[in-house]
1. Sort out which residues of segment 514-537 are within 14 Å of residue 487 (Cβ to Cβ), in contact with an Asp or Glu (Cβ under 9 Å, 6 or more places away or on another chain) and surrounded by fewer than 21 Cβ atoms within 10 Å (Cβ to Cβ), and write them in order of number.
2. How many of the residues making up segment 218-252 are of a type in the set (Gly, Ala, Ser), modelled with pLDDT of 85 or more and over 21 Å from residue 122 (Cα atoms)?
3. Could you look through segment 556-581, keep only residues that are of a type in the set (Gly, Ala, Ser) and within 27 Å of the chain's Cα centre (by Cα), and pick out the one that is surrounded by the most Cβ atoms within 10 Å (Cβ to Cβ)?
4. Which ones in segment 65-85 are farther than 24 Å from residue 135 by Cα, buried (at least 22 other Cβ atoms within 10 Å of the Cβ) and not β-branched (Val, Ile, Thr)?
5. Is it the case that residue 417 is under 19 Å from the mean Cα position of the chain (by Cα) and at pLDDT 95 or above?
6. Has segment 350-357 got at least one residue that is in the same structural domain as residue 79 (by TED's automatic domain parsing), of a type in the set (S, T, N, Q) and within 30 Å of residue 166 (Cα to Cα)?
7. Here are some conditions: (1) buried (at least 21 other Cβ atoms within 10 Å of the Cβ); (2) in a helix (DSSP H, G or I); (3) in contact with a His (Cβ under 8 Å, 6 or more places away or on another chain). Residue 255 meets all but one. Which one does it not meet?
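The values are calculated or read from the model by the stated rules, or taken from the named source; none is laboratory data. Remember, predicted model here, so these are calculated numbers, not experimental data. Every residue, glycine among them, receives a Cβ derived from its backbone with ideal geometry; neighbour counts consider all protein chains shown.
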Amino acid sequence: MEADILREITSSYNLKSLSFDELDILASNIRDIILDTVSKNGGHLASNLGSIELTIALHKVFDLKRDKIIFDVSHQTYTHKILTGRKDAFSTLRQYRGIAGYSNPQESPFDAFIAGHASTSLSVALGFIKARELSADNYEIVVVIGDGALTGGEAYEGLNLLGHMGKKVLVVLNDNEMSISKNVGAVSKFLSHLRTSKSYQYFKRITTRTRIGQKIKLSIKELLLPTTFFEEFGFTYLGPIDGHNLKELAQTFERSKNIPGPTLVHVITKKGKGYKFAEESPTLYHSVEPFNLTTGIVKNDNVGKTFSDYFGEILLEEGEKDPRIFVITAAMTNGTKTEAFKEKFPSRFIDVGIAEQTAVTAAATLAKNGFKPVVAIYSTFLQRAYDQLVHDVGILGLPVIFILDRAGVVSDDGPTHQGIFDMTYLRSIPNFVVAAPKDGLELKELFRLALLSSNPFVIRFPKDYTVEPSDTKSFEIGKGELVFPGNDLLLISIGAIFERALKAREILEKKMISTALINARFVRPLDVNLIQSEALRIGRVITIEDNILAGGFGSAVNEILSISGVRVMNLGINDVYPEQGKRSFLLDKYGLSPELIAETGERFAKEKNR
């Protein structure tokens, strides 16, 4: 019976006639599909298991032919995808040209808007409200936002404006941190039913027309209804309700349609619902690599350490020596490997939540007061704090250390999470030092150097296992390394892509093309003397980076060689948003495999001898 129900669900329209008992079976089937697929492909597990019933209820109540469901972040949209015609392709989740891990209108018209970064959904809803109004259209607008996303400032900007406008919109707060007691649940259900009833809504409209009526309304509200944070913003608050009770969810969503203004339904869910390992360790299974479904053990075929591991080690080591080191992260303690520092030095650590702007400004203030703040953050998320980088850190030249994890091309998560813009937007800021290590030991040396610097200092690296580190001597800011000399061609590499440049050089040398190789280390300041001297001597230069070419490392090299007559070719990501796929595959696709670098270098070097 269970398989038959799922087989018939080709779109959300098929579930409109199902009973709640049948919907419970459907939820169980979807949970099985998600578990099976994520265990093989990796992905966001805990949040999706926790939002299955919530999503089914929304699809039962609303008509996605016209209504808009906006998912904040949208990492919890797996059920939505299965119910909107993507069930058969769901096994390709997060694979190259497969089903995306986030919502994207280019994949399906049922995805209302692009998402991937947090706290944007309420602003998206604001735009839909105005579009609906100006088009004289009539459709429901629903926002699904988690309590985590409410740590981001843009969420409150949207909340404030939506409440001020007073237009019809439903916000579903998916709260997966709080528990719900039976007593509170019973009372809240009564109050929710009262406030969604037509009689209460009529009374509310009548009593707000006069000053006496307003006083009566306030008195009754204080007596019967809880004054909540969201009501102060202008929302009618419903809940909290059990986010795994399909009948209660659907009835509440249906009743919310009677409310003409902004409404917030507070839903309590459990991350990892239905899979004990994810329930017990929701952080571990938030974004998980492929794992054994029976044991819950994450599969890991890699050996060695990641760049992040090396950073975690050096941070703890230096933190023990220097009490001025203070670490700030933005909702990514585990990912940035700062948890060990947090445990050992809790008074010198803060997780600001999804509030990158606050992280940067707070770090600037700490630096102004003599501390050594370290902001550990993913490259794609630091984009959200560009103004703070310029205004709060750059102008005063404050010595904040920025550790950019997941820089360059990023596996599996698609265009919203690519860290390919950091070298471009950071090297444009005066006073900043921007560096990229080729391996783990070089990362450690750069961090030690950053601690001694009086400038803002950025160290960027990918989510990757490093090559076996080479011996690295101490070095100074703005100095690169001539790894190999050569006469026919000069390769200049920046960061972890060095290993590919090294292999390309080996291929070229076998073809009797004498190839010099520079490990630049620094994007800003460049080692002008080293690069110019080698470039002028050889005459042919190829720069190699895992960054967008526009304004990136290659552009910086072009600037210092522009009047020299040296021919320069830049290899990197050329004017695209990389799609989802493994990092190694995507680098190959964009012409950054050792073989393609060598092929390009061979043609380029032979031009010199014509």
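1. 514
2. 1
3. This residue is 572.
4. If we filter segment 65-85 for residues that are farther than 24 Å from residue 135 by Cα, which is where we start, we get 72-85.
Then keep just the ones that are buried (at least 22 other Cβ atoms within 10 Å of the Cβ); that gives 72-83.
Of everything in segment 65-85, those that are farther than 24 Å from residue 135 by Cα, buried (at least 22 other Cβ atoms within 10 Å of the Cβ) and not β-branched (Val, Ile, Thr) turn out to be 72, 74, 75, 76, 78, 80, 81, 83.
5. Working: under 19 Å from the mean Cα position of the chain (by Cα): yes; at pLDDT 95 or above: yes.
In short, yes.
6. no
7. Just one mismatch for residue 255, condition (1).
Condition check ((1) in a helix (DSSP H, G or I); (2) crowded, with 24+ Cβ neighbours inside 10 Å; (3) in contact (Cβ under 8 Å) with a residue 40 or more places away in the chain) across all residues:
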| residue | (1), (2), (3) |
| --- | --- |
| 391 | yes, no, no |
| 396 | no, no, no |
| 402 | no, yes, yes |
| 423 | yes, yes, yes |
| 429 | no, no, yes |
| 442 | yes, yes, yes |
| 445 | yes, no, no |
